[in-house]
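The values are calculated or read from the model by the stated rules, or taken from the named source; none is laboratory data. All figures in this text were calculated on a predicted structure; none of them were measured in a lab. FYI the Cβ positions are ideal-geometry reconstructions off the backbone, even for glycines, and counts take in every protein chain you see.
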Amino acid sequence: MAGAAETARDEASERLDAVIVGAGFGGLYALYKMRELGLRARVFEAGDGVGGTWYWNRYPGARCDVESMQYSYQFSDELAQEWEWSERYAAQPEILRYLEHVADRFELRRDIRFETRVERAHWDEERGLWRIGTDRGDELSARFCIMATGCLSSTNTPDFDGVEDFEGDSYHTGQWPHEGVDFAGKRVGVIGTGSSGIQSIPLIAREALHLTVFQRTPNYSVPAHNAPLDPDKQAHIKENYARYREQSRATPFGLVNPPNESAAMDATPEERRAEYEMRWAEGGLGFMMSFVDMLVSRESNDTAAEFIRGKIRETVEDPELAEALCPDTVVGCKRLCVDTDYWETYNRDDVRLVDLRKNPIERLTRRGLRAGGEEYELDAIVFATGFDAMTGALLRIDIRGVGGRTLADKWDAGPVTYLGLMTAGFPNLFTITGPGSPSVLSNMVPSIEQHVDFIGDFLTHMQERGAARVDPEPDAEAAWVAHVNEVGDATLFPTCNSWYLGANIPGKPRVFMPYLGFLAYCEKCDEVAANDYAGFSLR
Ligand code: FAD
Ligand code: NAP
């Protein structure tokens, strides 16, 4: 029985059909969908505006690495037709403007509470609803909770000794000041050479007095060949949008880049070179489609690795520096970076590379940073050190399911989900692009839409069946987790210390979190839905 305190709390709290956490691509579309279903929904967003990733990541050079014409919503043809992208890869301000336009066009803002962080979500078994608490003291309850909290929204700043001693300015790429940063005349240090570092380094180098790049693991990067979008090409794609988007659904990563179906080791060295040169000249993530076995055969992958190393050696004039920049890991096992003038930047005489594998960071100091016994004097430090990916934002919320069990406890050895959409013991709680779904191994906007559409159809199905509560069956969940692991283990992904494995966060369980295979995943979801939502238990 509910106690008096709970009853009083129940009366004081506001009842909704659905609470949605996050106002990025995921949360905005989820709100649109809930309204379409006639449900009362509210979004809570920690930032003071919409956009998610594109609200927070305002560092110089931030732009998408999936082409703009693909990295956008499909749910509204009017929206797709009316929006004009200016570049092949849109920069952060343009993507943010797009998401602001979406929020305005569909009048979404009235149901979004900004600058409000959801701190807790507790399942009330007796009433069959989620009790939500925010950092502004809101107490709400809702039948459904949709976590659109983002795979890459929880920043990671390493716990270096002396962080508090540093007297200069410091920034994380994922929490960039809205007013921008003026690096003119400054000695800047960038720590990290993932996608954020690789995008920002060329621009910071141009602006700063001097730039020192602190690199722990060299990374592979291919040129973006970014350029203004040809209006004729844009018009042509728009005329054939449905077919164009269908094409993307039929590829392993949800990208419209024709995959080469042959294996690298079946090709002659000349054929391989020609294929890599063609993909290099084309630019972008299509490089990963060069050969079908790139992510499963080390021998094949080595040919791609050697090709990129060749490009680095051709571009970087100082041979010793070029070697320090050459990666020795598997291409694509950390996300392949897409850059503009990254390797060229190291030919500048005001840019220095510090190889942290030889000279590890010892501490930050009052005047800069000490690594390998040398002190680097810096006016500003940029942490391009990434995110507690995939699970970080979820586990920062105190989520408790049936019997008060915390999500942190359930995921103690790594995330466990059914289809990356739900986790058993946490009824009516959905995750958008959760671990166990293609998420970060796909073009994320179609992935997000596929999740929201699935949830929308599922809620309609529940309504038709008179069901108020859904929970995945533990067996179905276990089988899905085993399948996700099996697929991951058959690839080269587990061979390097990537954030896909949680390996960038000290103490995080080493588990390959995303599901490889956008098409296979969509087919599986369609099959589950066609089979009366097999694997989900309705009450
Ligand atoms: P997000 O955009 O991350 O939004 C989540 C929101 O939830 C955030 O605004 C956050 O503040 C809010 N939130 C989290 N927890 C709480 C809480 N407890 N209470 C309240 N609010 C909360 N993907 C691609 O496919 N192609 C790309 O080119 C690409 N480029 C990227 C570039 C960068 C710099 C980064 C960091 C990621 C990129 N990604 C890319 C991945 C990108 O995150 C997704 O494409 C997409 O934007 C995710 O949308 P989302 O709504 O799921 O999450
Ligand atoms: P990231 O890929 O995780 O890179 C973080 C970098 O910081 C790595 O070089 C890492 O080195 C380094 N680092 C972390 N901790 C460190 C420590 N303690 N000491 C020294 N170095 C340390 O993060 P990100 O660059 O922000 O990118 C994250 C993801 O966001 C990308 O993979 C991509 O999916 C997305 N993204 C996309 C784009 C785009 O092009 N559209 C741009 C930015 C981000 P190690 O490799 O040795 O760990």
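Structure summary
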quantity	calculated
Residue within segment 136-144 that is near ligand 1 (Cβ under 10 Å from one of its atoms) and crowded, with 16+ Cβ neighbours inside 10 Å present	no
Which listed residue, of L407, L369, is away from ligand 2 (no atom under 16 Å from the Cβ) and in contact with a Leu (Cβ under 7 Å, 6 or more places away or on another chain)	L407
Only one of V440, V416, V402 that is away from ligand 1 (no atom under 16 Å from the Cβ), surrounded by fewer than 24 Cβ atoms within 10 Å (Cβ to Cβ) and under 19 Å from W499 (Cβ atoms)	V416
Failed criterion for F518 (all others in (1) at pLDDT below 95; (2) more than 15 Å from ligand 1 (Cβ to nearest atom) hold)	(2)
Some residue of segment 334-347 being outside any loop (DSSP other than H, G, I, E, B), more than 16 Å from ligand 2 (Cβ to nearest atom), free of Cβ contacts under 8 Å to residues at least 40 places away in the same chain and touching a helix residue (DSSP H, G or I) at 6+ places or on another chain (Cβ under 9 Å)	no
Qualifying residues in segment 375-399 (those that are in contact with a Leu (Cβ under 7 Å, 6 or more places away or on another chain) and within 15 Å of ligand 1 (Cβ to nearest atom)) - the one farthest from R469 (Cα to Cα)	F387
For N504: the one exception among (1) more than 22 Å from M288 (Cα to Cα); (2) part of a helix (DSSP H, G or I)	(2)
Cross-chain or 6+ apart pairs with Cβ under 6 Å, segment 92-115 first and closer than 18 Å to E82 by Cα, then surrounded by fewer than 20 Cβ atoms within 10 Å (Cβ to Cβ) and modelled with pLDDT of 95 or more	A103/R109
Helices (runs of 4 or more DSSP H) fully within segment 1-101 counting 2 or more residues that are over 30 Å from V190 (Cβ atoms) and modelled with pLDDT under 95	4-12
Given (1) more than 30 Å from D159 (Cβ to Cβ); (2) out of contact with any Ser or Thr (no Cβ under 9 Å at 6 or more places or on another chain); (3) not aromatic (F, W, Y), number of the condition V481 does not satisfy	(2)
Count - residues of segment 43-61 that are surrounded by 24 or more Cβ atoms within 10 Å (Cβ to Cβ), near ligand 1 (Cβ under 6 Å from one of its atoms) and among the small types (G, A, S)	1
Test: residue in segment 133-146 that is over 30 Å from I112 (Cα atoms), among the β-branched types (V, I, T) and touching a residue at least 40 places away in the same chain (Cβ under 8 Å)	no
Unique match (being touching a strand residue (DSSP E or B) at 6+ places or on another chain (Cβ under 8 Å), free of Cβ contacts under 8 Å to residues at least 40 places away in the same chain and either away from ligand 2 (no atom under 15 Å from the Cβ) or of a type in the set (D, E) (or both)) among R40, R15	R40
Residue that is of a type in the set (S, T, N, Q) and within 12 Å of ligand 1 (Cβ to nearest atom), where the choices are S76, S68, S86	S68
Scan of segment 62-117 for residues that are among the charged types (D, E, K, R) and within 16 Å of ligand 2 (Cβ to nearest atom), ordered by number	R63, D65, E67, E87, R88, E94
Search result, residues across segment 189-218 that are within 16 Å of ligand 1 (Cβ to nearest atom) and small (G, A, S)	G192, G194, S195, S196, G197, S200
Exclusive hit being within 20 Å of G386 (Cα to Cα), β-branched (V, I, T) and over 25 Å from the mean Cα position of the chain (by Cα), set V163, V66	V163
Exclusive hit being over 30 Å from P435 (Cα atoms) and surrounded by fewer than 16 Cβ atoms within 10 Å (Cβ to Cβ), set R370, R352	R352
Residue check for A393: of a type in the set (G, A, S) and either outside any loop (DSSP other than H, G, I, E, B) or without any contact (Cβ under 8 Å) to a residue 12 or more places away in the chain (or both)	yes
Residues satisfying the stated conditions in segment 511-532, i.e. closer than 17 Å to A490 by Cβ and not in a helix (DSSP H, G or I)	V511, F512, M513, P514, Y515, L516, G517
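Rundown of residues vs (1) on the phi > 0 side of the Ramachandran plot; (2) among the acidic types (D, E), yes/no style:
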{"site": "E115", "(1), (2)": "yes, yes"}
{"site": "D124", "(1), (2)": "no, yes"}
{"site": "R127", "(1), (2)": "no, no"}
{"site": "W130", "(1), (2)": "no, no"}
{"site": "D135", "(1), (2)": "no, yes"}
{"site": "S154", "(1), (2)": "no, no"}
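Yes or no, residue by residue, for (1) buried (at least 17 other Cβ atoms within 10 Å of the Cβ); (2) at negative phi; (3) more than 16 Å from ligand 2 (Cβ to nearest atom); (4) within 27 Å of the chain's Cα centre (by Cα):
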position	(1), (2), (3), (4)
S221	yes, yes, no, yes
S248	yes, yes, yes, yes
F253	yes, yes, no, yes
R273	no, yes, yes, no
R279	yes, yes, yes, yes
F291	yes, yes, yes, yes
S297	yes, yes, yes, yes
A304	yes, yes, yes, yes
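So that you can scan it fast, the table gives a plain yes or no per residue for (1) touching a residue at least 24 places away in the same chain (Cβ under 8 Å); (2) surrounded by 16 or more Cβ atoms within 10 Å (Cβ to Cβ); (3) within 22 Å of C145 (Cβ to Cβ):
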residue: F454; (1), (2), (3): yes, yes, yes
residue: E464; (1), (2), (3): no, no, yes
residue: A468; (1), (2), (3): yes, no, yes
residue: P474; (1), (2), (3): yes, no, yes
residue: A482; (1), (2), (3): no, no, no
residue: A490; (1), (2), (3): yes, no, no
